[in-house]
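Report on one structure; see the data block that follows.
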Ligand SMILES: [Zn+2]
């Protein structure tokens with residue numbers, strides 16, 4: 001009966017040209033199947049969210065990058081500070097590392113309330129890994145934040161500091177944009193050059209580095225930019241945009 005139903009559905013798809021939802025694999029939770037669309041404040045993205053754990057494109061790319069560097073460094077010996085923590089990543093991190101602490105400028109649900117532009121309430125060299133995903137695009141004085149992050153990192157420490165790559169070249173905004181949850185810039189890949197004075201080495205992982213199965217690209221129509229809500233963004237062609245995660249080594 002089931003087989004008959006599947007066959008009929010396949011025939012109907014052919015007849016009406018129904019699109020077959022592509023299947024992907026989530027490297028975080030091993031779910032296999034279609035990913036869900038996700039609408040951020042600025043518009044919908046296709047194939048964005050894992051239907052089981054809720055990981056987005058950037059989380060899967062970050063996870064794949066972490067898995068890669070876990071072959072070079074011993075996570076079980078590392079003390080981690082996680083800014084603006086994603087709950088599902090936090091659950092994983094808590095069991096992977098020697099110690100795990102969370103921080104945010106909003107004190108709800110984190111261990112430390114921290115403004116990254118002010119000196120951090122930790123002794124120098126307190127952490128081996130600082131993780132702050134999609135944080136620096138909210139901070140105008142990002143160089144102060146980078147300096148503060150560097151100060152709390154131990155020798156050979158690692159900072160994972162991805163921002164959304166939404167421009168060909170970084171566009172600075174004169175003030176935070178409330179329609180972009182307070183972003184102060186639209187970063188391009190060139191933005192990561194800003195990290196160079198603070199670190200010995202920066203390795204950038206991009207979507208193309210990993211299997212298409214994991215779906216780490218941003219499927220988003222950017223051709224209609226700028227919009228009244230995002231007046232300084234520039235149009236970008238194509239509907240599939242690579243993401244990029246910098247791993248910064250002290
Ligand atoms: Zn998942």
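Read the figures in this text as sums done on the coordinates, not as results from a lab. Please read all numbers here as calculations on a predicted model, not as lab measurements. No Cβ is skipped: glycine too gets one built from the backbone with ideal geometry, and neighbour counts run over all protein chains shown.
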- [ ] With a/c under 1.5 counting as rounded, go ahead and sort region 97-250 into rounded, prolate or oblate using the C-alpha gyration tensor (a ≥ b ≥ c being the square roots of the eigenvalues; past the cut-off, prolate if a/b is larger than b/c, else oblate).
- [x] prolate
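I need the shape label for region 51-129. Rule: rounded when a/c is under 1.5, else prolate if a/b > b/c, else oblate, with a, b, c from the alpha carbon gyration tensor. Can you show the working numbers first?
Values: a/c = 2.02, a/b = 1.24, b/c = 1.63.
Oblate is the answer for region 51-129, as a/c is 1.5 or above yet b/c matches or exceeds a/b.
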- [ ] Could you check which residue among 44, 22, 226 shows the biggest mean-square fluctuation in a GNM of the chain with a 10 Å Cα cutoff?
- [x] 22
Open item on the list: Looking at the calculated P(r) for region 160-213, what percent of the C-alpha pair distances fall above 19 Å?
Closed with: 40
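Please work out the FRET efficiency for the pair residue 190 and residue 156, using the Cβ-Cβ distance as r and a Förster radius of 41 Å; give the result to the nearest 0.05.
On the way: r = 27 Å, r/R0 = 0.65.
My answer for the efficiency is 0.95.
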TODO: Please identify which residues in region 147-175 have an amide N closer than 20 Å to a label point set 7 Å out from the Cα of residue 105, following the Cα→Cβ vector.
DONE: 147-152, 160-166, 171-175
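So between residue 227 and residue 203, what do we pick up on full extension, going 0.36 nm a residue minus the alpha carbon distance?
Values: separation 24, 0.36 × 24 = 8.64 nm, distance 3.32 nm.
Gain on stretching residue 227 to residue 203: 5.3 nm.
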Open item on the list: Need the full-extension length gain, residue 40 to residue 234, defined as separation in residues times 0.36 nm minus the C-alpha distance. One decimal, nm.
Closed with: 68.0 nm
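In Å³ and rounded to a whole number, note down the convex hull volume per residue for the Cα atoms of region 94-166.
On the way: hull volume 8.1 nm³, N = 73.
Measuring per residue, one finds 111 Å³ for the Cα hull of region 94-166.
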Open item on the list: To check you understand DSSP bridge types, tell me what percent of the beta bridges within the chain (both residues inside) are antiparallel, rounded to 5.
Closed with: 60
Task: Whole-Å distance, taken between Cα centres, linking region 127-154 and region 169-240 - done: 18
